[in-house]
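Student: I'd like to ask some things about the structure below.
The values are calculated or read from the model by the stated rules, or taken from the named source; none is laboratory data. These numbers come from a predicted model, not from an experiment. All Cβ positions, glycine included, derive from the backbone under ideal geometry; neighbour counts span all protein chains shown. These accessible areas exclude ligands, DNA and RNA; they are computed on the full protein's heavy atoms, side chains included. Shrake-Rupley method; radii C 1.70, N 1.55, O 1.52, S 1.80 Å.
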Amino acid sequence: MATKGNSGDLKGRGSMSILVVAVLCCFFYILGAWQRSGFGKGDSIAVEITKQSDCSILSNLNYETHHNDDGRNDDSKEIKEIKPCDKRYIDYTPCHDQMRAMTFPRENMIYRERHCPPVEEKLHCLIPAPEGYATPFPWPKSRDYVPFANAPYKSLTVEKAVQNWIQYEGNVFRFPGGGTQFPHGADAYIDQLAAVIPMDNGMVRTVLDTGCGVASFGAYLFRKNVIAMSFAPRDSHEAQVQFALERGVPTFIGVLGSIMLPFPSRSFDMAHCSRCLIPWGANDGMYMMEVDRLLRPGGYWVLSGPPINWKTNFVSWQRPREELEEEQRRIEDVAKLLCWEKKYEKGEMAIWRKRPNNEYCRKQNSHPTMCESIKDDVWYKKMEACVTPYPETSSPDEHAGGEWKPFPKRLDIVPFRISSGSVPGVSAETFQDDNRAWKKHVNAYKRINKLIESGRYRNIMDMNAGLGSFAAALNSPKLWVMNVMPTIAEKDTLGVIYERGLIGIYHDWCEAFSTYPRTYDLIHANGLFSLYKDKCSIEDILLEMDRILRPEGAVILRDEVDVLSKVRKIVKGMRWSTEMVDHEDGPLVSEKVLFAVKRYWVVSDNNNSTSSQ
């Protein structure tokens, strides 16, 4: 839409726009040139993308910053340079540090849970990448190959050699797609499941994979447009979660222990355990009750491996027949208490289904201990041996929690939690407006950073996900988004995100995230620093972002201009390159967008490496 004004002003503004756009184009051309393949050569995809970039002036997007804060007038002497950490911190995971873990009880895997360092022990330095670090291969090649330099640990290639988990071949690891319970490959195993569970029509979309190993199950589920949230502890199987994320599979460090998993109730369409070594019948069935909490009404639970089919396999498993028989009996008893329906058992695989509503269960004679309420406030909360109640229904035939919708249709349908009024202050109109707004925002992002749709970014994180509309607007088989719901957010909408067929997790950004360094290609944060104002240090949050971001990874921050100005000053000392642009609706909007790229550097680049704190 044309604007009235002095023609001289328009001509001057046009010249300035050309200059700023040219600067941005150069910035992202350099970004493309920086991208590296798994062997350290120029990334042909990124180079080609930047060659094709359209650097003409965009009529709907003004790149000038009109609040007298484009960052170019800062006194360089005021910039605080943040030093690199010592090379021993290459794989530092603050809340899952091995030495700290060993000081906690082993009962119920407490020592494998999150145990974060106190404020005075936090590192205030940049985690270096290992020498020879290379940008991962693009998906789907990354599913099968990982550069050795990125996670140079061979113990799994020996320990799991006969199970086809992982093989070392020269300067890469190869992942054949095998697993302890799927010797014929993950594809064949998944097809066996799909004969019982509706995985081919979009009805089953979100899966929780407990004790995932290197996450080959989740990696091959993408073929069916199913996304798994996989987790495993940081234990003697060195780097299994790190390998999974290098492959481009959603994974985090975690364990079924004494605290509840960081997800809302009724999140997943399916839960899966393939020889995950979890004592399902122990603690009065507490772990199965946690799975029940997380399953949507009508969801499926898959257990493969011991003790299923113990009569045939107790000799090969080298376990007493009586012990295995008792273990399966306990599992069957808890499943009956939970009112699950057993749908299938063949070989070493068994499948149960949670009832779609509570009507059938009311007629049973079992009387489980019920939890006081549906639990979504789970951050650091103790797990309990109680059964989560179903949502109320208006009729016996109604599906509790709303009817399932196929994916991707469910992305844009108003979720049940909203239509039922379960999220205060969020209406169907609010949801639709949010959806439209984020499509607009993401289109603007794509016009600026041409690599977003190229496949260059596979693992993406949204640090303050809201209703998940950023991830919905990005939806593509080339990428996935970890939608993070800050525990201090005004509205808890993580359940809405899962109903849309997306995945996410609760987290407090005053602490480190449960992942290895260098595991995300692109990080997005909307209003995050305003949210955490006066809660914890901006610098600490930025250092955590730097820790989990890959070299040459990108960052998009949307916030008020004064907040982003502070952020920009800090990251200038963190080896990030930045550009700030106006809101898509014009320069008078106080909200701005900061684009950044983390420069490529490795531990050998630091002549004076330090463990500064």
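Student: Residue-wise, which Karplus ³J(HN,Hα) couplings in Hz belong to region 267-277, taking 6.51 cos²θ - 1.76 cosθ + 1.60, θ = phi - 60°, and x for glycine or proline?
Tutor: Each residue of region 267-277 in turn: 8, 10, 6, 7, 10, 9, 9, 10, 6, 8, 6 Hz.
Student: Also, I was wondering about something else. For region 351-440, give the magnitude of the charge dipole about the Cα centre (Cβ charges: +1 Lys/Arg, -1 Asp/Glu; no others), in debye to the nearest 20. Display every interim value, and only then the final one.
Tutor: Details: 15 positive and 13 negative charges, 85 e Å.
In debye, rounded to 20, region 351-440 gives about 400.
Student: 7 Å from Cα along Cα→Cβ at both Asp144 and Glu429: what's the point-to-point distance in nm?
Tutor: 5.3 nm
Student: Give me the dipole magnitude in Debye, nearest 20, for the chain about the Cα centre, with unit charges on the beta carbon: positive for Lys and Arg, negative for Asp and Glu.
Tutor: Working: 77 positive and 79 negative charges, 258 e Å.
Charge dipole of the chain: 1240 debye, to the nearest 20.
Student: Same structure again: Report the net charge of residues surrounding Phe217, where surrounding means a beta-carbon distance below 14 angstrom and charges are Lys +1, Arg +1, Asp -1, Glu -1.
Tutor: +2
Student: Could you look at region 336-379 and say what percent of its accessible area is carbon and sulfur, using a 1.4 Å probe and all protein chains?
Tutor: Working: 1200 of 2780 Å².
That share works out to 43 percent.
Student: Between Ala271 and residues 5 or more places away or on another chain, which pairs have amide H atoms under 5 Å apart, with H built 1.01 Å from N, and which residues are they?
Tutor: Leu208, Tyr300, Trp301, Val302
Student: Can you list, largest first and rounded to whole Å, the semi-axes you get for the chain by taking the square root of 5 times each eigenvalue of its Cα gyration tensor? Walk me through the intermediate numbers first.
Tutor: Numbers: eigenvalues 361, 165, 99 Å².
The three semi-axes for the chain are 43, 29, 22 Å.
Student: Suppose the Debye formula is applied to equal point scatterers at every Cα of region 432-477; what is log10 I(q)/I(0) at q = 0.14, 0.27 Å⁻¹?
Tutor: -0.32, -1.12
Student: Around Asp492, under 11 Å between beta carbons, what's the net of Lys plus Arg minus Asp minus Glu among the other residues?
Tutor: Details: positive: Arg417, Lys491; negative: Asp376, Asp377, Glu490.
So the environment of Asp492 carries a net charge of -1.
Student: Placing +1 on the Cβ of each Lys and Arg and -1 on the Cβ of each Asp and Glu in region 102-202, which of Thr103, Ile190, Val146 has its Cα farthest towards the positive end of the resulting dipole?
Tutor: The Cα lying farthest towards the positive end belongs to Thr103.
Student: Enumerate the calculated ³J(HN,Hα) couplings along region 179-194 in order (Karplus 6.51 cos²θ - 1.76 cosθ + 1.60, θ = phi - 60°), each rounded to whole Hz, writing x wherever the residue is Gly or Pro.
Tutor: Along region 179-194, the couplings run x, 4, 9, 10, x, 8, x, 5, 4, 5, 5, 5, 5, 5, 5, 5 Hz.
Student: For region 401-505, just run the numbers: alpha carbon Rg, then divide by 2.2 N^0.38 Å, N being how many residues it has.
Tutor: On the way: Rg = 13.6 Å, N = 105, 2.2 N^0.38 = 12.9 Å.
Rounded to two decimals, the normalised Rg is 1.05.
Student: If amide H atoms are built 1.01 Å from N in the plane of the peptide, which residues on other chains or at least 5 residues away come under 5 Å of the amide H of Ser230?
Tutor: Residues meeting the amide H criterion: Asp209, Thr251, Phe252.
Student: Related question: In whole Å, what are the Cα extents of region 450-589 along the three principal axes, biggest one first?
Tutor: Principal-axis extents of the Cα atoms in region 450-589, largest first: 37, 37, 34 Å.
Student: How far, in nm, would the chain grow between Trp379 and Lys311 when pulled straight, counting 0.36 nm per residue and subtracting the alpha carbon separation?
Tutor: Numbers: separation 68, 0.36 × 68 = 24.48 nm, distance 4.04 nm.
Taking 0.36 nm per residue and subtracting the Cα distance, the gain is 20.4 nm.
Student: Let me know the Rg and Dmax you get for region 231-330 when you use only its Cα atoms, in Å.
Tutor: Final numbers for Rg and Dmax: 15.1, 41 Å.
Student: Let me ask another. Using a 1.4 angstrom probe and counting only protein chains, how large is the accessible area of Asp433 in Å², to 10?
Tutor: Estimated to the nearest 10 Å², Asp433 gives 80 Å².
Student: Within region 355-397, list the residues whose amide N lies under 19 Å from a label point set 7 Å along Cα→Cβ of Met203.
Tutor: It comes to 355-360, 397, nothing else.
Student: What relative contact order, as a whole-number percentage, does region 463-613 give when Cα pairs under 8 Å and 6 or more residues apart are counted?
Tutor: Details: 227 pairs, mean separation 27.7, N = 151.
The value is 18 percent.
Student: Rounding to the nearest 20 debye, state how big the charge dipole of region 503-605 is about its Cα centre with +1 on each Lys and Arg Cβ and -1 on each Asp and Glu Cβ.
Tutor: Numbers: 14 positive and 18 negative charges, 78 e Å.
So the dipole magnitude of region 503-605 works out to roughly 380 debye.
Student: Using only Cα atoms, locate the centre of region 114-150 and the centre of region 91-106, then give the distance between them in Å, rounded to an integer.
Tutor: Each part reduced to its Cα centre gives a spacing of 17 Å.
Student: Taking θ as phi - 60°, what are the ³J(HN,Hα) couplings along region 212-224 by the Karplus curve (6.51, -1.76, 1.60), each to the nearest whole Hz, with x for Gly and Pro?
Tutor: For region 212-224, the Karplus-derived couplings read 7, x, 8, 6, 5, 4, x, 4, 7, 5, 4, 4, 9 Hz, x marking Gly and Pro.
Student: To continue, here is another question. Hey, which of these cross-link pairs are over 21 Å Cα-Cα: Lys311/Lys363; Lys122/Lys535; Lys342/Lys375? Don't skip to the end; give the middle numbers.
Tutor: On the way: Lys311/Lys363 33 Å; Lys122/Lys535 16 Å; Lys342/Lys375 25 Å.
Over 21 Å Cα-Cα: Lys311/Lys363; Lys342/Lys375.
Student: A further question follows. Compute the relative contact order of region 297-350 as a whole-number percentage, counting only Cα pairs closer than 8 Å that sit 6 or more residues apart in sequence.
Tutor: On the way: 38 pairs, mean separation 27.4, N = 54.
So the answer I get is 51 percent.
Student: Express the relative contact order of region 130-263 as a whole percentage, based on alpha carbon pairs under 8 Å and six or more residues apart in sequence.
Tutor: Reported as a whole number, the value is 21 percent.
Student: So what are the three principal axis dimensions of region 306-452 from its Cα atoms, in whole Å, longest to shortest?
Tutor: If we take the Cα atoms of region 306-452, the spans are 63, 44, 32 Å.
Student: Still on this model: If you take every residue apart from Asp144 with its C-beta less than 15 Å away from the C-beta of Asp144, what net charge results, scoring Lys and Arg +1 and Asp and Glu -1? Intermediate values should be presented prior to the final figure.
Tutor: On the way: positive: Lys141, Arg143, Arg174, Arg223, Arg247, Arg458; negative: Glu169, Asp187, Glu246.
Every neighbour counted, the sum reads +3.
Student: Rank-order 149-159, 345-355 by packing density, defined as the average count of other C-beta atoms within 10 Å over each peptide's residues, highest first. Display every interim value, and only then the final one.
Tutor: Working: 149-159: 16.6, 345-355: 18.5.
In descending order of packing, they fall as 345-355, 149-159.
Student: Between Glu560 and Gln167, how high is the FRET efficiency from 1/(1 + (r/R0)^6) when r is the Cβ-Cβ distance and R₀ = 41 Å? Nearest 0.05. Show your work: numbers first, answer last.
Tutor: Values: r = 50 Å, r/R0 = 1.23.
Efficiency, from the Cβ-Cβ distance: 0.25.
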